[in-house]
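The values are calculated or read from the model by the stated rules, or taken from the named source; none is laboratory data. Only a predicted model underlies this, so the values are computations on that prediction, with no experimental measurement involved. Backbone-built Cβ (ideal geometry, glycine too); neighbour counts: all protein chains shown.
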Amino acid sequence: MTEWNNSSWNRSTAGPNRFRFSSLEDIDIPADGSPALRILISIVYSVVCAAGLVGNLLVLFLMKARRGRKKRSSINLFILNLAVTDFQFVLTLPFWAVDTALDFSWPFGGAMCKIILSVTVMNMYASVFFLTAMSVTRYWSVASALKDRTRRRVCPVRWVIVGLWVSATVASLPTAVFSTVRNVAGERLCLLGFPDGQSWLALYHLQKILVAFVFPMLIVTVCYLMLLRFVRTRSMNNNQVKRRSRVTRSVTIVVLSFFICWMPNHAITFWGVLVKFNVVNWDRTYYMVHTYVHPLTVCLAHTNSCLNPVLYCLMRREFRKKLKDLFSLMNRGGESISQYSPRPTHTQVLVQRNKSVL
């Protein structure tokens with residue numbers, strides 16, 4: 001879908017030369033794996049798509065419901081944009097589910113290949129960038145609020161958001177330029193058609209690892225560690241102690257979820273980068289991991305788009321209260337309907353039926 005559909009596949013891997021390749025280009029992406037694995041991945045994509053659509057639409061609804069009451073805070077604007085980018089991201093999953101189910105044969109044409117692949121990569125970058133910006137904003141807002149309220153400076157959040165979208169677009173430009181459909185071993189594949197040489201593809205993967213994982217992970221970890229350290233060093237009453245406990249719990253969940261969802265995929269991708277640069281040798285282990293483990297890490301990475309609405313919206317007390325009020329309103333609406341529109345008795349049904357006949 002990004003790097004996992006970005007290169008020619010060697011589909012003639014049967015026989016005694018199964019693990020011998022003429023060039024590194026042939027081993028960038030492994031063989032197809034088993035049909036059961038492809039069907040499983042397609043099902044996972046469909047489930048993630050459905051869950052992501054529901055979760056992110058719920059976030060967008062809750063954010064819209066809050067708009068009329070007061071001005072949105074910086075963190076809420078980031079949550080809104082995060083929901084938008086995750087929503088766009090999960091919309092691409094049905095295309096990849098079909099592609100996977102059809103043995104990675106792209107049926108949607110060259111234009112859709114370029115659009116879907118570019119949108120997938122751009123929203124992957126945007127999602128990570130907004131998560132990182134939220135961690136910085138959270139630390140800054142808490143630290144500045146507890147230090148000196150009179151010295152707080154308003155950050156041009158809207159310009160920051162525009163800058164993050166522009167950065168995500170720039171980071172995905174190689175995908176937009178080089179994505180194409182090519183015939184490989186009789187199959188039409190949606191992939192990245194870089195110029196000859198493994199260095200292009202290796203640098204592309206290395207950029208993705210650094211910009212979309214290593215640097216954001218360092219920033220998120222440092223910000224949350226500073227936040228925990230700052231909160232722990234402040235003199236606090238009982239309410240503040242409870243708040244510190246909530247912050248500690250949420251910080252742990254946020255950092256671990258981001259790390260667990262993305263680390264396996266980027267680790268295997270980095271392994272491939274080392275192979276392309278001839279730092280490590282390609283062997284049977286690499287082949288097996290890329291064939292059977294790598295697709296599962298892709299599924300795990302996509303679940304982050306489902307977890308984001310829960311971690312960054314529904315875990316917050318104000319949004320949980322809003323959601324509870326929404327469900328309460330829906331229940332009261334159902335009760336009022338049943339109260340003012342009682343179920344007709346058997347006699348009333350017969351009378352109404354006779355009137356209709358007459």
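Residues in region 61-77 that are modelled with pLDDT under 65 and assigned to a helix (DSSP H, G or I): Arg66, Arg67. Restricting the search to region 176-188, which residues are within 16 Å of Trp96 (Cα to Cα) and either without any contact (Cβ under 8 Å) to a residue 60 or more places away in the chain or in contact with a Ser or Thr (Cβ under 7 Å, 6 or more places away or on another chain) (or both)? Selection gives Ser179, Glu187, Arg188. Taken over region 120-152, the criterion of being part of a helix (DSSP H, G or I) and either modelled with pLDDT under 75 or among the basic types (Lys, Arg) (or both) is satisfied by Arg138, Val142, Ala143, Ser144, Ala145, Leu146, Lys147, Arg149, Thr150, Arg151. Looking only at residues in region 78-97 that are β-branched (Val, Ile, Thr) and in contact with a Phe, Trp or Tyr (Cβ under 7 Å, 6 or more places away or on another chain), the one that is modelled with the lowest pLDDT is Ile79. Of all residues in region 96-105, those that are hydrophobic (A, V, I, L, M, F, W, C) and either closer than 16 Å to Met124 by Cα or part of a loop (DSSP other than H, G, I, E, B) (or both) total 3. Take Val181 and tell me if it is surrounded by 16 or more Cβ atoms within 10 Å (Cβ to Cβ) and either in a helix (DSSP H, G or I) or touching a Gly at 6+ places or on another chain (Cβ under 6 Å) (or both). Taking the combined requirement at face value, the residue satisfies it. Does Phe259 satisfy the criteria of being out of contact with any Phe, Trp or Tyr (no Cβ under 8 Å at 6 or more places or on another chain), among the aromatic types (Phe, Trp, Tyr) and closer than 18 Å to His205 by Cβ? When the stated conditions are applied, Phe259 does not pass them. Of all residues in region 10-60, those that are surrounded by fewer than 19 Cβ atoms within 10 Å (Cβ to Cβ), among the hydrophobic types (A, V, I, L, M, F, W, C) and modelled with pLDDT of 50 or more total 13.
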